Ligand code: NG1
Ligand code: ZN
């Protein structure tokens with residue numbers, strides 16, 4: 001390690017005094033002006049990680065659905081997964097080290113993680129469209145170069161595109177080509193193969209309006225358009241040319257406020273969807289003829305995909321095990337529908353994509369989605385190999401055709417991480433193949449009315465949870481209070497947990513009516529406020 005270079009460059013990326021940040025569920029995320037030293041140091045860490053695992057590592061500069069003024073950074077592990085949890089701690093240590101301690105902390109990480117500094121390192125870099133992202137990604141490069149790492153800067157890409165590139169690179173092209181063209185070609189080819197077999201739909205069925213949150217999704221979808229024939233009719237809205245990123249639009253806005261985004265004029269029964277700021281989340285929605293807004297969230301996306309895959313799996317007759325992975329935020333009626341009507345096992349894990357991804361890896365076919373629209377499907381290697389073999393060798397026409405569809409689904413789905421572009425194409429293909437309208441899809445089950453609230457407390461870490469975050473252990477008395485409140489309402493459920501991305505405690509409640517869900521959420525938020533050290537004025541009724 002060149003100590004002089006490290007000193008010189010870290011002085012160019014000074015840490016503001018007294019600032020402490022944590023590598024959370026979405027990496028580091030805060031105001032962009034506080035992040036320069038963090039991204040420089042994550043450049044250093046990416047090199048160490050690359051040397052430790054002898055593989056290419058990714059680093060993405062984005063703050064997803066946060067306001068434009070924020071930014072963030074996260075590392076991508078060799079197969080496109082989120083950074084390994086043991087390294088999250090190193091990331092936090094490195095980001096918070098004082099400048100004079102930096103070399104010592106690096107040496108400690110090298111010892112603990114058995115990093116051989118003489119090995120080569122390669123880091124792939126990507127960034128979103130925020131005004132601050134370009135400069136921050138330059139600082140990442142400084143960090144990489146100080147430790148003698150090589151890099152490839154992909155510039156503007158969606159988060160899932162970067163995950164894809166890293167996976168392609170580390171699997172020697174088995175997953176695809178590590179280029180944007182490679183990504184567009186792979187997805188568009190699989191999509192076209194799939195919809196070839198659809199007989200349905202007049203022209204109106206083929207239109208889709210997409211709110212791109214004024215972010216990177218708009219740029220990348222425009223780049224992808226030429227890969228599709230003209231009959232694929234996607235209309236890009238909120239493309240970032242007029243309004244601010246994520247402002248009154250995007251998947252998070254639509255999900256949280258349960259209303260349409262600005263900048264998109266919806267006609268009755270028109271199918272619309274929203275991406276988030278880095279295009280790893282997607283939700284669908286429409287307005288009925290009476291003008292009512294209907295949200296189709298991650299749970300209903302998981303349900304549609306599960307129905308489709310279950311039918312195909314029944315046709316190929318291979319006894320593959322399939323499961324759906326959700327979090328506590330999944331609507332109660334989605335869980336009921338999956339378990340009771342579709343008869344698919346459902347597992348509940350802690351919030352955060354890494355937990356869902358990890359659980360989904362246990363099955364031949366693991367469908368995972370957060371209610372907010374982040375999700376994908378994982379196929380085991382054994383299942384994939386068998387499916388591809390059936391495509392080549394199976395004599396029975398029905399079985400072979402089903403295997404072909406599954407093989408195309410495998411190619412269309414970005415298995416590295418939730419991907420709005422890939423998920424959108426999966427959904428559009430399924431709707432076309434099954435001849436379903438957006439209303440028919442929506443009517444699979446009716447969401448239980450629900451409400452998501454947040455409360456500020458002095459220290460959100462006083463809330464400790466168990467049972468996949470569905471029950472609280474501390475502070476004492478809070479769970480008992482929630483139990484009493486929940487009993488007041490029908491079909492009700494409520495839980496609270498500290499956010500991993502914001503300095504708040506989140507409250508979720510559902511019940512038989514919207515009024516009851518709102519009342520329950522409010523009462524639980526008051527209990528949190530009083531028992532967990534609420535800040536400022538007590539929460540007001542909704
Ligand atoms: P937190 O802030 O920990 O609730 C939010 C989302 C997660 C996940 C992360 C990462 C909700 C309720 N929470 O986490 O599901 O997507 O952001 O972006 O939607
Ligand atoms: Zn995102």
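The values are calculated or read from the model by the stated rules, or taken from the named source; none is laboratory data. Computed from a prediction, not measured in an experiment: that's the story for all the values here. Neighbour counts are summed over all protein chains in view; Cβ atoms, including those assigned to glycine, are modelled from backbone coordinates with ideal geometry.
Out of (1) crowded, with 23+ Cβ neighbours inside 10 Å; (2) within 15 Å of ligand 1 (Cβ to nearest atom), the odd one out for residue 348 is which?
Only one criterion is unmet by residue 348, namely (1).
Could you run through the range 126-150 and say how many residues are surrounded by fewer than 23 Cβ atoms within 10 Å (Cβ to Cβ) and part of a strand (DSSP E or B)?
Residues meeting the conditions: 1.
Only residues that are within 14 Å of ligand 1 (Cβ to nearest atom) and outside any strand (DSSP E or B): list them for the range 302-329, please.
302, 328, 329
State whether one or more residues within the range 66-87 are away from ligand 2 (no atom under 16 Å from the Cβ), assigned to a helix (DSSP H, G or I), under 18 Å from the mean Cα position of the chain (by Cα) and in contact (Cβ under 8 Å) with a residue 12 or more places away in the chain.
Within the range 66-87 (the criterion being away from ligand 2 (no atom under 16 Å from the Cβ), assigned to a helix (DSSP H, G or I), under 18 Å from the mean Cα position of the chain (by Cα) and in contact (Cβ under 8 Å) with a residue 12 or more places away in the chain), the answer is yes, since at least one residue qualifies.
Quick one: would you say residue 258 is without any contact (Cβ under 8 Å) to a residue 40 or more places away in the chain and within 16 Å of ligand 1 (Cβ to nearest atom)?
When the stated conditions are applied, residue 258 passes them.
Scanning for something buried (at least 22 other Cβ atoms within 10 Å of the Cβ), within 14 Å of ligand 1 (Cβ to nearest atom) and without any contact (Cβ under 8 Å) to a residue 40 or more places away in the chain, does the range 351-371 turn up at least one residue?
Within the range 351-371, one or more residues are buried (at least 22 other Cβ atoms within 10 Å of the Cβ), within 14 Å of ligand 1 (Cβ to nearest atom) and without any contact (Cβ under 8 Å) to a residue 40 or more places away in the chain.
Across the range 491-521, what is the total count of residues that are touching a residue at least 60 places away in the same chain (Cβ under 8 Å) and closer than 29 Å to residue 353 by Cβ?
Result for the range 491-521: 14.
Conditions (1) surrounded by 18 or more Cβ atoms within 10 Å (Cβ to Cβ); (2) on the phi > 0 side of the Ramachandran plot; (3) more than 16 Å from ligand 2 (Cβ to nearest atom), marked per residue:
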{"residue": "484", "(1), (2), (3)": "no, no, yes"}
{"residue": "492", "(1), (2), (3)": "yes, no, yes"}
{"residue": "496", "(1), (2), (3)": "yes, no, yes"}
{"residue": "499", "(1), (2), (3)": "no, no, no"}
{"residue": "510", "(1), (2), (3)": "yes, no, yes"}
{"residue": "515", "(1), (2), (3)": "no, no, yes"}
{"residue": "518", "(1), (2), (3)": "yes, no, yes"}
{"residue": "522", "(1), (2), (3)": "yes, no, yes"}
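Taking the range 423-479 as the region of interest, how many residues are within 25 Å of residue 511 (Cβ to Cβ) and free of Cβ contacts under 8 Å to residues at least 12 places away in the same chain?
5
Within the range 282-306, track down each residue that is over 13 Å from residue 251 (Cα atoms), in contact (Cβ under 8 Å) with a residue 24 or more places away in the chain and more than 16 Å from ligand 2 (Cβ to nearest atom).
Matches in the range 282-306: 286, 287, 288, 293, 294, 299, 300, 302, 303, 304, 305, 306.
Taking the range 31-58 as the region of interest, how many residues are surrounded by fewer than 16 Cβ atoms within 10 Å (Cβ to Cβ) and outside any helix (DSSP H, G or I)?
Residues meeting the conditions: 2.
Taking the range 107-124, which residues are under 25 Å from the mean Cα position of the chain (by Cα) and buried (at least 23 other Cβ atoms within 10 Å of the Cβ)?
If the condition is that a residue be under 25 Å from the mean Cα position of the chain (by Cα) and buried (at least 23 other Cβ atoms within 10 Å of the Cβ), then 123, 124 are the ones that fit.
Only one of these is part of a helix (DSSP H, G or I), within 16 Å of ligand 1 (Cβ to nearest atom) and under 25 Å from the mean Cα position of the chain (by Cα): 63, 91, 95. Name it.
The match here is 91.
Can you name the strands (runs of 3 or more DSSP E) wholly within the range 389-485 that have at least 1 residues being out of contact with any helix residue (DSSP H, G or I) (no Cβ under 6 Å at 6 or more places or on another chain) and under 19 Å from residue 282 (Cβ atoms)?
Per the criteria, 450-455.
Quick check on residue 390: is it more than 16 Å from ligand 2 (Cβ to nearest atom) and under 21 Å from residue 353 (Cα atoms)?
no
Quick one: in the range 235-281, of everything that is under 23 Å from residue 542 (Cα atoms) and surrounded by fewer than 20 Cβ atoms within 10 Å (Cβ to Cβ), which residue is nearest to ligand 2 (Cβ to nearest atom)?
Looking at the filtered set, the residue picked out is 256.
I'd like the full set of residues that are under 25 Å from residue 175 (Cα atoms) and more than 16 Å from ligand 2 (Cβ to nearest atom), limited to the range 321-354.
Selection gives 321, 322, 323, 324, 325.
Could you go through the range 311-323 and let me know if any residue there is surrounded by fewer than 21 Cβ atoms within 10 Å (Cβ to Cβ), farther than 30 Å from residue 396 by Cβ and touching a residue at least 24 places away in the same chain (Cβ under 8 Å).
no
Please enumerate the residues belonging to the range 352-388 that are modelled with pLDDT of 95 or more, in contact with a helix residue (DSSP H, G or I) (Cβ under 9 Å, 6 or more places away or on another chain) and within 21 Å of residue 23 (Cβ to Cβ).
Those that are modelled with pLDDT of 95 or more, in contact with a helix residue (DSSP H, G or I) (Cβ under 9 Å, 6 or more places away or on another chain) and within 21 Å of residue 23 (Cβ to Cβ): 370, 372, 374.
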